[in-house]
1. Given the DSSP H assignment, sum -39500 (n - 2.57) over each helix run of at least 4 residues in the chain and divide by its residue total; what's the result at 222 nm in deg cm²/dmol, nearest 500?
2. For the cross-link pairs 45/194; 82/162; 167/192; 132/194; 154/194, which exceed 20 Å when the distance is taken from alpha carbon to alpha carbon?
3. Excluding ligands, DNA and RNA, what is the solvent-accessible area per residue of the range 109-178 at a probe of 1.4 Å, expressed in Å²?
4. Please give the per residue accessible area of the range 1-101, computed with a probe of 1.4 Å over protein heavy atoms only, in Å².
5. Where the centroid of each part is defined by its Cα atoms, how far is the range 58-89 from the range 129-147 in Å?
6. Out of the total accessible area of the chain (probe 1.4 Å, heavy atoms of protein only), what percent is carbon and sulfur?
7. Mind checking the dipole of the chain: about its Cα centre, +1 per Lys or Arg Cβ, -1 per Asp or Glu Cβ, Debye to the nearest 20?
Amino acid sequence: PDFTYKRFIENLLKKNYAVHAYRYIPKFDHQEIAFNAWKDFKSCKEVLLKRLNKELKTVRVGHSLGCKLHLISPDGGRSCEKFISISFNNFSANNSIPLLKNISQKFEFRSEFSPSPKRTLKIINNTYNQNKNLLIKFDSDKLDQTESLLSVLKSRENDNSKGLLMKGNHTLIASAGLREDLLGDWADDELKRKTIEKISYLIDAFS
């Protein structure tokens, strides 16, 4: 993530954030990934607390599957000030992995992520406790399922979740700035750069 989301992370560093980006290998058991990410995040906070000798406010940010991992975290989103969801994705395994669909049909077996899409929304409704959520969706994103997430969150009592539509596609937030590094400023993707800057600003501004 320090490479894939380099430009986004750099924008947060400029705003004096301490950024902890979790790296993982995708697999079917999303609950296990979420648990390990939560443990790693908790450990990082403890290290930062010892280093600075004070507790810092925490903001969680997720993109695509990363949103799901935050939302099914063991602590239910309690240990953070707010959550920023970017391009929430909750597709089934067959829809996410085209080759798997072909194989499962050919050999007549079924494989699914754990938790499944339906179970994921049920877990969020029953165990997720964070009320301050900003859900960002891009207008050309065919993988996004933010609307179903927003509907579940808004059904909870005292919810303060808000949705925001921006121009772009599913991978817009992922940028290492390679084109500019190799070809110079003329190769800069202005929409991508400005959108990443705006999202960095919104993380500060949302309350």
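The values are calculated or read from the model by the stated rules, or taken from the named source; none is laboratory data. Computed from a prediction, not measured in an experiment: that's the story for all the values here. No Cβ is skipped: glycine too gets one built from the backbone with ideal geometry, and neighbour counts run over all protein chains shown. Remember, those area values only see protein heavy atoms, side chains included, never the ligands or the DNA or RNA. Shrake-Rupley method; radii C 1.70, N 1.55, O 1.52, S 1.80 Å.
1. Working: 9 runs with 95 residues, N = 207.
That comes out to -13500 deg cm²/dmol.
2. Going by Cα-Cα distance, 45/194; 132/194; 154/194 fall outside the 20 Å limit.
3. Working: 3760 Å² over 70 residues.
Normalised by residue count, the accessible surface of the range 109-178 is 54 Å².
4. Numbers: 5830 Å² over 101 residues.
With the other protein chains kept in place, the range 1-101 gives 58 Å² per residue.
5. 11
6. Values: 6400 of 12310 Å².
Exposed carbon and sulfur together represent 52 percent of the surface.
7. Working: 35 positive and 25 negative charges, 100 e Å.
I would put it at about 480 debye.
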